[in-house]
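Take a look at the structure set out below.
The values are calculated or read from the model by the stated rules, or taken from the named source; none is laboratory data. The model shown is predicted, which means the values in this text are computed figures rather than measured ones. Neighbour counts are summed over all protein chains in view; Cβ atoms, including those assigned to glycine, are modelled from backbone coordinates with ideal geometry. Keep in mind that these areas ignore ligands, DNA and RNA; they rest on the heavy atoms of the full protein, side chains included. Shrake-Rupley method; radii C 1.70, N 1.55, O 1.52, S 1.80 Å.
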Amino acid sequence: MDDLDLARRVSAMVILADPSERESVLQREIPLDRFARVLALLPGVMAATIDSIVARDKRHRLAVQGVLRTFLQESK
């Protein structure tokens, strides 16, 4: 399994994990010698995963965008 495949697998596991378990998923699933390379790929892979989910329905995309915009406004 190459780094991109591993990042895809780990990103799905992180998305499905409870928030309190996400760090342990990263530590458990990514070999230490590949950790930095795979970790660098995760944001792009997660964004692609979300894009593929919301691309099927415009309402879902708008809902996710609304939630993210609200988060960004609140976090300023």
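In table form, for the structure just shown:
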read-out	value
Point-to-point label distance, ALA47-GLU23, nm (Cα→Cβ direction, 7 Å offset)	2.6
Estimated distance in nm for a label pair at LYS58 and ARG37, the labels positioned 7 Å out from Cα along Cα-to-Cβ	4.2
Solvent-accessible area, 1.4 Å probe, carbon plus sulfur percent, for the chain	59
Using alpha-carbon coordinates, inclination of helix 3-16 to the longest axis of the chain, degrees	60
Two-site FRET efficiency, GLU74 against ASP5, from Cβ-Cβ distance with R₀ of 35 Å, rounded to 0.05	0.50
Candidate values [x] 6.0; [y] 6.8; [z] 4.6, label of the one derived for mean projected area of the Cα convex hull in nm²	[x]
Using alpha-carbon coordinates, inclination of helix 35-54 to the longest axis of the chain, degrees	30
Order by protection proxy (mean Cβ within 10 Å, highest first), peptides 34-40, 69-75, 50-56, 3-9	3-9, 34-40, 50-56, 69-75
Principal-axis tilt of helix 58-74 within the chain, Cα atoms, nearest 10 degrees	80
